[in-house]
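Structure first, commentary second.
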Amino acid sequence: MELVPIVSFPKSGNTWLRFMLAHLVRSDKSRPVTYHNINALSPTSHIFTTTEIAKNLVPGAPVFIKEHANYYEMEKYPWERAIYVYRDGFDVLYSYWKFIDAQAPGLYKNINRFVEGYWIHWGHWGDHIMSWRKGGKSHQKVLFLKYEELLDDPISAMRNCIDFLEINASNELVEEAVKENTASRMKKLNDSASFMNAQNENFNFVRNARKGDGSRLPSDVKQKFLEYWSNDYCMLSEGYIETGDDIRNNISTQKSVNIITKMRVRLRRYFYGVKRKFIQKF
C-alpha cells in the first residue's frame, strides 16, 4: 500500500485538498467526509495505522497522510510520491493568526504577540518551501500545487492530482468531490471545534478560504516576515511579490536591523527544533 504525504506549511490548504481526495477514495460512498471521520480516511502523520485505514478505502487506493514537515524530516516515511501545497506567505501569516486567535480568543489578539509567541515555533516559511523545491528535484515525484490555483479552478487542480497519482476517477466523481467539500460546506460542519480541541466551542476550522487577506497585515509585520520568516527570494520566485514592490525595497534598503531580535529568533527556532526531534524519538 502506497503512502502519499499531503504536505504544506500550516494554513496553506492541505486539509481542504485532503477532504477532496478522501472523498474520491473512501469505500463507503454513502458517508460524507467530515472532521469526525477524516482521520479514518486520511490520517495525520502521527496517528495512522495503514491496516486500519485501508479498510475504509477502495481497493488499491493510496493512503493520504497529512503532514507539515519539511522535506528533510520526511525520511522516516517510505514514500515515493507526495503533493506539496503552498500559499502566499503573507496570506498564510494572516490566516494562521486568525486561526489561532479563534481557537483561544484573546490569547494572541495582537499579531506581533502571535508572531513572537506562536508563529516562531513553526520556523521559516521560506525554508519550508525551499526544502521541498530542492529536495523534490532529486526525488522527481513531488507535485507542487498552489493554493491559489486550487481556489481558482479546483476541478483542474484535482485533475492534476489524480493524473499525478494515477487514480481512476470519473469526471463526475471529481466534480462531486469538489462540490461536496467547498469552503461553505466545510464551515457548516459542526465538529471542527472538537476536531481541534479548541477552547472556543464556536470555533470553525475554515474561515474565509480566499486569497489576498495578507494585504491587511501592517507594513512592519510584513517587513518582519520577509526579514525573519520568508526571505524575499522565496516570495519572488513563487510569484507572490515583484521586484518593484515597496515592501521588498524597504527590506533591501533597511539599514537598522535589530541584531538582538534576530539572534533571539534564530536561537528559539533552533531549540524548538531540538525539542521536536527529542519528542519524536519517544
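Values quoted throughout were computed directly from the atomic coordinates according to the rules given, and no laboratory measurement underlies them. These numbers come from a predicted model, not from an experiment. A quick note on method: Cβ atoms are made from the backbone with ideal geometry, for glycine too, and the neighbour counts reach across all protein chains shown.
Observations on the structure shown:
- Packing-based ranking, highest mean first, of 80-87, 163-170 given that Cβ atoms within 10 Å are counted: 80-87, 163-170
- Amide H contacts of Ser27: Leu57, Val58, each under 5 Å away and 5 or more positions distant or on a separate chain (H built 1.01 Å from N in the peptide plane; Pro and chain starts excluded).
- The label point for Asp163 and the one for Leu143, both projected 7 Å from the Cα toward the Cβ, are 1.0 nm apart.
- Taking other C-beta atoms within 10 Å as the exposure proxy, Thr15, Thr44 rank Thr44, Thr15 from fewest upward.
- Ordered by the number of other Cβ atoms lying within 10 Å of each residue's own Cβ, fewest first, Lys187, Lys137, Lys66 fall into the sequence Lys137, Lys187, Lys66.
- Exposure proxy ranking, count of Cβ atoms within 10 Å, fewest first, for Lys179, Lys222, Lys76: Lys76, Lys179, Lys222
- With a simple spin-label model that places each label point 7 Å from the Cα along the Cα-to-Cβ direction, the separation between Asp28 and Glu75 comes to 4.0 nm.
- Our estimate of slack between Asn112 and Lys134, defined as 0.36 nm per intervening residue step minus the Cα-Cα distance, is 4.8 nm.
- Here the Kirkwood formula puts the hydrodynamic radius of the stretch 9-127 at 16.1 Å, using every distinct Cα pair.
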